[in-house]
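> Take a look at the following structure, please.
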Amino acid sequence: MTITPQTLTKLETLRKEHLESDLIALIADQYDMTAADAMKLYYSSQLSQQVADGSYGIEQLDARYLLDDLQRYEPQLFRTVNATE
């Protein structure tokens, strides 16, 4: 395999997609919600924008760490979820 700038860009995009799907699956599992609801929650967060932008290299971190970060710094996203449990 020849590594080109285009290959690196594709790999970076693929990494972000997998990270986001892992995060959404963790949210759905931990809060017993559908994947669609977990997606809505994730994509309404500031974290999703940071991952998309590659801010601070955040897209290189583990999904479980990022879920903890999301719960800690954006707890308002989970208030309605916790209220229905």
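> Keeping the other protein chains in place, figure out the carbon and sulfur percent of the accessible area of the chain, with a 1.4 Å probe.
53 percent
> Further question: Apply the Karplus parameterisation 6.51 cos²θ - 1.76 cosθ + 1.60, with θ equal to phi minus 60°, to every residue of the range 25-42 and state each ³J(HN,Hα) to the nearest whole Hz, in sequence, with x for glycine and proline.
5, 5, 4, 4, 5, 5, 9, 6, 10, 6, 4, 4, 5, 5, 5, 4, 4, 4
> With each label point set 7 Å from Cα along the Cα-Cβ vector, what nm distance links Met1 and Met33?
A separation of 3.4 nm, rounded to one decimal place.
> In Å², and per residue, what accessible area does the chain have when probed at 1.4 Å with the other protein chains present?
Accessible area per residue: 69 Å².
> Suppose every K and R has +1 on its Cβ and every D and E has -1 on its Cβ; what is the size of the dipole of the range 8-78 about the Cα centre, in Debye to the nearest 20?
120 debye
> When the C-alpha atoms of the range 8-78 are aligned to their principal axes, what extent does each axis show, in angstrom, from largest down?
35, 22, 18
> Would you be so kind as to identify which of Ile24, Leu77, Gln50 lies farthest towards the positive end of the dipole of the chain, taking Lys and Arg as +1 and Asp and Glu as -1 on Cβ and the Cα centre as origin?
The residue sitting farthest along the positive end of the dipole is Gln50.
The values are calculated or read from the model by the stated rules, or taken from the named source; none is laboratory data. Keep in mind it's a predicted model, so treat the numbers as computed, not measured. When we count neighbours, we look across all protein chains shown, and the Cβ atoms used for this are built from the backbone with ideal geometry, even at glycine. Protein only, heavy atoms only, side chains kept; ligands, DNA and RNA dropped before computing areas. Shrake-Rupley method; radii C 1.70, N 1.55, O 1.52, S 1.80 Å.
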